[in-house]
1. Give me the pairs: first residue in the range 47-63 and farther than 16 Å from ALA127 by Cβ, second residue in a helix (DSSP H, G or I) and of a type outside the set (A, V, I, L, M), beta-carbon distance under 7 Å, and six or more apart or on different chains, which are they?
2. If ARG82 satisfies every condition in (1) open to solvent by 60 Å² or more (accessible area, probe 1.4 Å); (2) over 18 Å from ILE42 (Cβ atoms); (3) charged (D, E, K, R) but one, which is the exception?
3. State whether one or more residues within the range 98-112 are assigned to a strand (DSSP E or B) and closer than 15 Å to ASN44 by Cα.
4. Out of all the residues in the range 46-89, which are hydroxyl-bearing (Ser, Thr, Tyr) and farther than 29 Å from PHE23 by Cβ?
5. Test ALA114 against the stated conditions and say whether it is of a type in the set (A, V, I, L, M, F, W, C) and over 17 Å from the mean Cα position of the chain (by Cα).
Amino acid sequence: MNMTTPLANQFLIAMPGLGDPNFFRTVTLVCEHSAEGAMGIIINRPVDLTLGDVFQQLDIVNPDPRAAGQAVYLGGPIQNNRGFVLHEPLGAYESTLAVSDTLGVSTSRDVLTAIANHEGPAHFLLALGYAGWGPGQLEQEIADNAWLSVPVSSEILFQTPSETRWSAAAHLLGVDMAQLCGDAGHA
């Protein structure tokens with residue numbers, strides 16, 4: 001399948017029929033997409049950790065209490081012991097991949113230290129792990145009706161409660177997920 005549009009800076013919305021438990025009812029921000037594959041972060045699966053727990057594990061002292069109370073998310077099944085900070089604005093952190101002109105994903109400690117000191121990006125989300133696809137795999141999954149895609153909404157990413165992000169992302173397309181069945185159909 002030829003890739004006509006890179007999917008970076010898009011949400012992937014899991015269709016109801018996507019049976020993989022790693023992705024059931026998820027919204028994934030595609031951070032990078034090329035002929036070599038894709039990488040994304042699931043944004044609606046909170047885990048039983050707060051950013052304060054992460055600050056404590058990393059010995060980051062006196063964190064901003066508002067930041068410390070933020071949820072941590074399961075970003076995907078790959079390297080789920082590694083942190084990925086989605087943030088806006090982009091900033092100038094050590095290990096940052098620009099997803100767009102304003103949105104980045106960082107893996108370096110400096111962004112967490114800045115957040116703890118109330119000097120970090122205005123909006124952020126910490127996820128453990130990521131989702132990955134090999135060459136052509138994501139394109140095939142989309143063709144198989146596993147995913148819908150829509151441009152990223154900062155409001156959904158950073159302000160919408162995690163339990164409503166799946167339906168809110170679908171609403172960007174005018175889709176009510178409650179009205180969809182889990183079976184794919186092809187003419």
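1. Matching pairs, first to second residue: ILE60/THR113; PRO63/GLY52; PRO63/PHE55.
2. Going through (1) open to solvent by 60 Å² or more (accessible area, probe 1.4 Å); (2) over 18 Å from ILE42 (Cβ atoms); (3) charged (D, E, K, R) one by one, ARG82 breaks only (2).
3. no
4. Result: no residue meets the conditions.
5. The answer is yes for ALA114.
The values are calculated or read from the model by the stated rules, or taken from the named source; none is laboratory data. Bear in mind that the values here come from a model prediction, so they are computed numbers and not experimental data. Heads up, the Cβs are rebuilt from the backbone with ideal geometry, glycines too, and the neighbour counts pull from every protein chain shown. Side chains included, ligands, DNA and RNA excluded: accessible areas come from the protein's heavy atoms. Shrake-Rupley method; radii C 1.70, N 1.55, O 1.52, S 1.80 Å.
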